[in-house]
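Here is the structure we will look at.
The values are calculated or read from the model by the stated rules, or taken from the named source; none is laboratory data. Because the structure is a prediction, the values reported are computed rather than measured. Every residue, glycine among them, receives a Cβ derived from its backbone with ideal geometry; neighbour counts consider all protein chains shown. Remember, those area values only see protein heavy atoms, side chains included, never the ligands or the DNA or RNA. Shrake-Rupley method; radii C 1.70, N 1.55, O 1.52, S 1.80 Å.
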Amino acid sequence: MKITKMKPSSASLAEPSDVEVRWRTTITGDAGHRLWLDPEYNRVMVSDGWGVAFAALRLRALDVSDGRELAAARLGNAARALAPDADGSWLAATDTKLFRLDRSDLRLGSKWTSRIPKYSDSLIAGGGFVHAVNHASAGLHAIDLTTGAVKRRLLDEDVQLHADDRGLIAVCGNGSLWRADYGLAAAPRRCAQLPALCDSALDQQGQLWLSLGQGRRREPNRVSWAEPTAQLGLFDLAAGEHLVEIELALPFWQLAVSSDGETVCVAGVVSQELDGQVYQRKTDIACYRTSDYQWLSWLRVPEGFEIQSIWPDCKVAFATKAKAALRDSDNAQSELICFSIS
């Protein structure tokens, strides 16, 4: 593996700016929300969080323009992963079930309950299958949407899943990179070994963007996040054996890239002390121009909020803040804000 290291010149931005909040709304659950963007309908999909009775949990569609709730589906558990299917519907995974939802109004359609892999964190549909991974597991699953049959292939742990016009791309926490065909009829092919990583994103130019550094710290009785690093990685899938490492000015775990590959954004991590313990909080967003890796913007969310999702193409991001703990059944709530990142 050929590695080129880059250290861009010092940034001109000395301090983060406050975010420009577009709208704010109350969402159900005090933590653990998951968000997905639906650019076709200009909506953000939000799964209810923790502290809510299972029977009341919903997947909600909010208007990106103003935060209004446009549709909702009650799935009997929290939605963990969401992906569009070729027929224009949504496929949504809960802990042990898979649902097909109408794209416009989230009306429930088909449901699969047998042998569905547990705790999916990512879904990608293709070739009449939906493919699922749990980020803490080593398995890659293919669920036949016609028969319900499920096939499993073993990779390495901490799998993250992408797709291009050649099929599936799986990148694992230890840096192993795999290609697989839709449906997993053949065993995945290991095609590169990259450094260890925490997060990854694929642009439409075939460039894989990586948050380099050990993602998880495994101890005898628990698994926790390792320390964030400021190392961004760029791997061109077509070029093969060449990795570019870029040292950014801000430690981070989470990243997002525009579809054209011209802007990369990272969720900067800041250390905060609470009751004598140090916690890492995703409070900042830094956006860089990838032609020279200079700052485009550096923003900080309001006190108590933590970044959840970044969408460079739409130039927005989302953060949540738990309200006063109301652990009584359905009363747990958080605040969601949508803000501009440019």
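Taking label positions 7 Å along the Cα-Cβ direction at both ASP95 and SER340, the computed distance is 4.2 nm, reported to one decimal. Charge dipole of the stretch 237-313 (Cα centre as origin; +1 on each Lys and Arg Cβ, -1 on each Asp and Glu Cβ, all else neutral): 140 debye, rounded to the nearest 20.
What share of Cα pairs, in percent, lie more than 14 angstrom apart in the stretch 229-279?
Result: 64 percent of Cα pairs exceed 14 Å.
A simple spin-label model places the labels of SER114 and LEU296 4.8 nm from each other, with each point 7 Å out along Cα-to-Cβ.
Applied to the stretch 92-100, the Karplus parametrisation 6.51 cos²θ - 1.76 cosθ + 1.60 on θ = phi - 60° returns per-residue 3J(HN,Hα) values of 10, 10, 9, 4, 9, 10, 10, 10, 9 Hz, with x for Gly and Pro.
Peptides 228-238, 33-43 ordered by packing proxy, namely the average of other Cβ atoms within 10 Å per residue, highest first: 228-238, 33-43. Altogether, the Stokes-Einstein calculation at 37 °C and 0.692 mPa s, with the Kirkwood radius of the stretch 166-323 over Cα pairs as Rh, returns a diffusion coefficient of 195 µm²/s.
Remark: spin-label model distance SER65-GLN214 equals 4.9 nm, labels positioned 7 Å along the Cα→Cβ axis.
How much FRET efficiency would the formula 1/(1 + (r/R0)^6) give for GLN205 and ALA55, where r is the Cβ-Cβ distance and R0 is 45 Å, rounded to 0.05?
Details: r = 45 Å, r/R0 = 0.99.
Step by step, r from the Cβ atoms, then E = 0.50.
Surface calculation, 1.4 Å probe, protein heavy atoms: THR147 sits at approximately 100 Å² accessible.
Using a simple charge model, +1 on the beta-carbon of Lys and Arg, -1 on the beta-carbon of Asp and Glu, nothing else, what dipole does the chain show about its Cα centre, in debye to the nearest 20? Don't skip to the end; give the middle numbers.
Details: 38 positive and 43 negative charges, 216 e Å.
Dipole size: approximately 1040 debye.
Using only alpha-carbon positions in the stretch 102-200, the gyration tensor eigenvalues give semi-axes of 24, 14, 13 Å once each is multiplied by 5 and square-rooted (largest first). Full extension of the chain between ARG74 and GLU241 gives 55.5 nm of extra length, using 0.36 nm per residue less the Cα-Cα distance. Its convex hull of Cα atoms gives the chain a direction-averaged projected area, equal to a quarter of the hull surface, of 17.5 nm².
In straight-distance terms, cross-link reach from LYS315 covers every one of the lysines whose alpha-carbon lies under 24 Å from its own, apart from those fewer than eight places away in the same chain; here that gives LYS282. If I take every Cα pair under 8 Å that is 6 or more residues apart in the chain, average their sequence separation and divide by the length, what percent do I get for the relative contact order? Averaging sequence separation for qualifying contacts and normalising by length gives 16 percent for the chain.
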